[in-house]
Amino acid sequence: MSVLSHSIPVAAREQGLVRSFVSWLFWPLGFSATLFACFSWNLDMWFWLVLLWPMPLCALALELYIPCVTKWRPRLYDLRIDLPFLMVSTIVGFATAEVIFSARRAALAMWSWLPQPWPGDWPFSFQIILTILIADLTYYGYHRLAHSWDILWRFHVVHHSSTRLHWLSTTRHHPLDTIGFIVSTVLPLSLLG
């Protein structure tokens, strides 16, 4: 039996249905709503950082108060390790994406005749779906490589070093692993336009 199929009923029994629903869906729904707001308002990427930070703080508070599985509740020791990883990963990730976007803008300024294969005439909702599909596929591809190539695994193993599974422990990434994930997802989308 997988961890996921086992832990959902346990969480529901421990917390009740509403608390279980909140603990499982707060992060994906809240994060998606925040990203949608950033895209809809056409905000500068660095402003996203300001908008996105309340989400992890709220998720951390919920993780402490309503953990998905009680024995996974983060300890102070976990927070001392995972919060710096969260901050470094966020800054490294945004800086890497900014380098890619700046390089794309410079390339388009020099070579304006380059084709733009992105379907910009599609409805916005379909473009978001296509973006998620491409980003998820390339993220998955890099993640598989990080598990199978020894040189990438040496950096990726940091992500798997937590002994308790909770929201904040998923942000534990070596900076070079973060760069690999960002390049693998943002570069293909940037090349498509």
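The values are calculated or read from the model by the stated rules, or taken from the named source; none is laboratory data. Since the structure is predicted, the reported quantities are computational estimates derived from the model, not experimental observations. Cβ sites come from the backbone with ideal geometry, for glycine too, and all protein chains shown count toward neighbours. Side chains are part of the model used for accessible areas, which takes the heavy atoms of the whole protein and leaves out ligands, DNA and RNA. Shrake-Rupley method; radii C 1.70, N 1.55, O 1.52, S 1.80 Å.
Inspect region 106-123 for any residue being in contact with a helix residue (DSSP H, G or I) (Cβ under 9 Å, 6 or more places away or on another chain) and in a helix (DSSP H, G or I) and give the result as yes or no.
The answer is no; no qualifying residue exists.
For Gly141, the conditions (1) part of a helix (DSSP H, G or I); (2) open to solvent by 70 Å² or more (accessible area, probe 1.4 Å) all hold with the exception of (2).
The residues of region 159-174 that are part of a helix (DSSP H, G or I), buried (at least 16 other Cβ atoms within 10 Å of the Cβ) and modelled with pLDDT of 90 or more amount to a single one, His159.
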